[in-house]
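The values are calculated or read from the model by the stated rules, or taken from the named source; none is laboratory data. Fair warning: this is a prediction, and the values are worked out from it, not measured in the lab. With ideal geometry, Cβ positions are generated from the backbone for all residues, glycine too; neighbour counts draw on all protein chains shown. To get the accessible areas, we keep the full protein, side chains included, count just its heavy atoms, and leave off ligands, DNA and RNA. Shrake-Rupley method; radii C 1.70, N 1.55, O 1.52, S 1.80 Å.
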Amino acid sequence: MSPPAQVGRALLAAFEHVLVISLTRSTLRRQHVVRELGQFDLHLGRDFEFVDAVDCHTYGRWPFISELQSVLGRDNNSSGRQIVPWMRKPCNGTWHPSCSDQEHRHCMRSRMKAEVAAKRCGEICYSLSVARALQQFLASNRSRILLLEDDICATPYLYHAPGLLTRLAAERRWNVVKMGHCFLNEGKRGGGNITEPECATAVPSTQQIGTSHGNHIYNSVGNSFCAHALGLSRHGAQALLRLGFPVAIVFDDVLAALGGRLGPRHQSQALRAAGLHSTSELGARHLKHSLFGQLSRQLRPTGGGATTFLSTINSDTQRIYGAGK
């Protein structure tokens, strides 16, 4: 096993910098990220920074939306046609996500009360947060980035990952790398993603993770819906942003569509809307074993001083997973 500082250096060699999506008011989550990344000798400001997530409590009062629209509005759907099943006509300069699927229509009322939006529109706010992070990356001069959510946790596999990360750093052909999976337990398609792993509450030994600590890299986006840990090139970020804004579906489903999980027709239409001709052009990779898990998806307290977090997306997940924020 490698020293944690070596793991941190390998992460930066592969991705240059880390962006963490987090609500400004989520002080406990931000403290958690500082501690979690700090154990790998990654420091706030120098190695990673926070992207202020879109807060449903201020629903509709989002000045950055007009900037995103000016950059992407015409490119997304310049013809006015429904390019992909979930995208509708242009948003006509409105601040709210008026191109959403029917299941999100209740979140498109410009006069919706903030407390109602906070309970019902988490997917909209989360997806806008990802779009904001992608745009922040593209406005920088960096060529690669690691995009994380603020409830990530290191899994045992991350501690054994410098060799894997060195391979990713040396390879220049990928545009999207999925670093974590969830809610799947299958080994037949796409290399087989595993279910959301337990968080590492102590430095693990090789024996604790078995003989598969070398991990494997597959040439696909995988089968998992989760998007809490993504490595991105500029080309990959641009493609995802074309599909992620205006908001149409929860961002995780954008990846699922590109990966073919929603069927070949949706995949073909999503690729075309993203400005891609084929899945190979997407240059997607996924890892057999997650390097990052999520505290909000842990089914029980992780122990060792760690805790679980409420999901910031919807109240159903909060009810299932419980715990404090």
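Using a probe of 1.4 angstrom and keeping all protein chains present, the accessible surface of region 248-295 works out to 33 square angstrom per residue. Length gained on full extension, S268 to E67: 69.5 nm, using 0.36 nm per residue less the C-alpha separation. Between A114 and T24, the C-beta separation translates, for a Förster distance of 22 Å, into a calculated FRET efficiency of about 0.90.
Packing around the peptides 282-290, 19-27, taken as the average count of other Cβ atoms within 10 Å per residue, puts them in this order, highest first: 282-290, 19-27. Stretching the chain fully between V34 and D52 yields a gain of 5.0 nm (0.36 nm per residue, less the alpha carbon separation). Between amide H atoms placed 1.01 Å from N, distances below 5 Å from A53 occur with S22, L23, T24, all of them 5 or more places distant or on a separate chain. Compared with the alpha-carbon gap, the fully stretched path from N219 to N141 is longer by 25.4 nm at 0.36 nm per residue.
Between V203 and R173, the modelled label-to-label distance comes to 3.7 nm, taking each label 7 Å out from Cα in the direction of the beta carbon.
The amide H of H17, built 1.01 Å from its N in the peptide plane, has L146 as neighbours under 5 Å, considering only residues 5 or more places off or on other chains.
Residue-wise HN-Hα couplings along region 267-283, as the Karplus relation 6.51 cos²θ - 1.76 cosθ + 1.60 with θ = phi - 60° gives them from phi, are 5, 4, 5, 5, 4, 5, 5, 7, x, 10, 9, 7, 5, 5, 5, 5, x Hz; Gly and Pro carry x.
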